[in-house]
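Everything on this sheet refers to the single structure shown next.
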Amino acid sequence: MNKTKRKIFETSMKLFAEKGYDATSVEEITATVGVAKGTLYYHFSSKEEIFKFLVEEGVKLLKNSIAIKTDKLTNSIDKIRAIVLIELKVLSKYESFMTIILSQIWGTDPRSIMCRNYVFEYIQMIEEIVKEGIEKGEIVESDPNVIASGIFGFACASLIYKLRREKNTIEIQKLYAEIDKSFIRKLERGQ
């Protein structure tokens with residue numbers, strides 16, 4: 001991605017997260033980036049295309065990060081630990097992306113349906129790992145959909161946790177250790 005396209009992408013993500021998609025205009029994006037409308041339209045045909053690109057790239061980054069890390073692991077609990085840590089790191093680095101996804105999944109318009117489908121696809125990826133862990137006897141008998149949704153829920157809950165903190169920050173390793181202690185370890189068979 002060239003420098004101008006990246007700047008449009010990052011600025012749009014920030015504005016969509018802060019103001020919402022509908023309240024963000026193309027004029028505001030171009031003014032903030034410091035480019036003409038023609039430059040924006042050279043890279044993206046519409047505000048909707050920017051949004052779609054943003055969501056696709058963000059989900060791809062998250063899924064690829066998880067695939068790279070979990071493909072090297074054999075134990076399902078270790079895979080879940082890796083997923084939670086990656087979610088926390090992605091949340092910390094790309095909070096605007098997570099804010100946009102979570103703000104958009106509730107409606108019935110095409111944009112909301114697209115976001116919801118990506119979230120469900122991501123949760124399904126986690127669910128497959130949970131199912132595998134149950135079959136291998138590594139994870140206690142449980143509903144894989146509930147567990148996978150809960151694991152995704154840590155990303156959502158971490159945003160709330162961050163907002164409630166005095167300095168509005170997250171100590172990733174500390175939060176990860178708490179999630180591991182209070183949730184992940186309880187999934188292990190024999191614990």
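If you take the residues in the stretch 157-170 that are part of a helix (DSSP H, G or I) and of a type outside the set (S, T, N, Q), which one is nearest to K79 (Cα to Cα)?
It comes out as A157.
Inspect the stretch 171-188 for any residue being closer than 20 Å to M13 by Cα, part of a helix (DSSP H, G or I), of a type in the set (F, W, Y) and in contact with a helix residue (DSSP H, G or I) (Cβ under 8 Å, 6 or more places away or on another chain) and give the result as yes or no. Please lay out each step first, then the result.
If we filter the stretch 171-188 for residues that are closer than 20 Å to M13 by Cα, which is where we start, we get none.
For the stretch 171-188, residues closer than 20 Å to M13 by Cα, part of a helix (DSSP H, G or I), of a type in the set (F, W, Y) and in contact with a helix residue (DSSP H, G or I) (Cβ under 8 Å, 6 or more places away or on another chain): absent.
Hey, does the stretch 94-104 have a residue that's part of a loop (DSSP other than H, G, I, E, B) and not basic (K, R)?
Restricting attention to the stretch 94-104, the residues satisfying the condition of being part of a loop (DSSP other than H, G, I, E, B) are 94.
Subsequent filtering for residues that are not basic (K, R) retains 94.
Scanning the stretch 94-104 turns up at least one residue that is part of a loop (DSSP other than H, G, I, E, B) and not basic (K, R).
Report yes if some residue within the stretch 119-127 is under 20 Å from A67 (Cβ atoms), in a helix (DSSP H, G or I), at pLDDT below 95 and under 10 Å from the mean Cα position of the chain (by Cα); otherwise report no.
yes
Kindly provide the set of residues from the stretch 76-95 that are in contact with a helix residue (DSSP H, G or I) (Cβ under 8 Å, 6 or more places away or on another chain) and either more than 13 Å from S158 (Cα to Cα) or outside the structural domain of A155 (by TED's automatic domain parsing) (or both), ordered by number.
Hits for the stretch 76-95 are S76, I77, K79, I80, R81, A82, I83.
Conditions first: (1) free of Cβ contacts under 8 Å to residues at least 60 places away in the same chain; (2) surrounded by 15 or more Cβ atoms within 10 Å (Cβ to Cβ). P110 passes all but one, so which condition is the exception?
The one condition P110 does not meet is (2).
Checking the conditions here, which among T70, T11 is in the same structural domain as I151 (by TED's automatic domain parsing), surrounded by 15 or more Cβ atoms within 10 Å (Cβ to Cβ) and within 19 Å of the chain's Cα centre (by Cα)?
None of the other options fit; the residue is T70.
Which numbered condition trips up I100, out of (1) within 25 Å of M13 (Cα to Cα); (2) surrounded by fewer than 14 Cβ atoms within 10 Å (Cβ to Cβ); (3) in contact (Cβ under 8 Å) with a residue 40 or more places away in the chain?
(2)
When residues of the stretch 128-145 are filtered for being among the basic types (K, R) and assigned to a helix (DSSP H, G or I), how many remain?
1
The values are calculated or read from the model by the stated rules, or taken from the named source; none is laboratory data. Since the structure is predicted, the reported quantities are computational estimates derived from the model, not experimental observations. All Cβ positions, even for glycine, are placed from backbone atoms using ideal geometry, and neighbour counts span all protein chains on display.
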